[in-house]
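FYI, it's all coordinate maths here, none of it is from the lab. Only a predicted model underlies this, so the values are computations on that prediction, with no experimental measurement involved. Positions of Cβ are backbone-derived with ideal geometry, glycine not excepted, and every protein chain shown enters the neighbour counts.
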Amino acid sequence: MEKLKNSGVKYTEKDVVLVAKNYNGKFLWLEKGNESSGLKHIEKQHQKDFGANTNVKDLLMKILPLKPLKHFSRKKGKKLADIYLYKKNSKLYLVAYGDNGYIVSFYPYEKG
């Protein structure tokens, strides 16, 4: 948490629920969030995709250090979202986070 404090990015310390690094050492964090981003968004919109017994924060901690298979950007309104495709135990996951490292969303991905 101390390195996140010293990183210069804006965040709400009391709302941070997870701090991690990705495969190339970039600091990432997850906040409690709201309906459109963060843990609240993930739990409300995607918990059914994970399964009832999945601990989203624990799974994120296992996935984020992996090198993503693919990176792409998607425009959502005026903002550009960076989305990363990861593979863990033969399953695919999408993680969206901003340039500042804030994790916006996370969910299993099924080709189709």
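Which residues' amide hydrogens lie under 5 Å from the amide hydrogen of TYR97, considering only partners 5 or more residues apart or on another chain, with H built in the peptide plane?
ASP82, TYR84, VAL104
Which of the listed residues, LEU66, VAL104, LEU94, is farthest toward the dipole's positive end in segment 63-111, when Lys, Arg count +1 and Asp, Glu count -1 at the beta-carbon?
Sorting the options by dipole projection puts first LEU94.
Of TRP29, GLY51, LEU85, which is farthest towards the positive pole of the chain's charge dipole, taken about the Cα centre with +1 and -1 on the beta-carbons of Lys, Arg and Asp, Glu respectively?
LEU85
Counting other beta carbons within 10 Å of each residue's own, what order do ASP15, ASP99 fall into, fewest first?
In increasing order of surrounding Cβ atoms, one gets ASP99, ASP15.
By how many degrees, 0 to 90 and rounded to 10, does the Cα axis of helix 38-50 deviate from the longest principal axis of the chain?
Approximately 10 degrees, to the nearest 10.
Quick one: VAL104, VAL17, fewest Cβ neighbours within 10 Å first, how do they rank?
With the sparsest Cβ surroundings first, the list reads VAL17, VAL104.
Find how many whole Å separate the alpha carbon centroid of segment 79-101 from the alpha carbon centroid of segment 25-72.
With segment 25-72 and segment 79-101 each reduced to a Cα centre, they are spaced 9 Å.
Provide HIS71, HIS41, HIS46 in ascending order of the number of other Cβ atoms located within 10 Å of each residue's Cβ, fewest first.
If I rank by nearby Cβ atoms, fewest first, I get HIS71, HIS46, HIS41.
Mind putting a number on the dipole of the chain about its Cα centre? Charges go on the C-beta only, +1 for Lys and Arg and -1 for Asp and Glu, and I need it in Debye to the nearest 20.
Value, rounded to 20: 340 debye.
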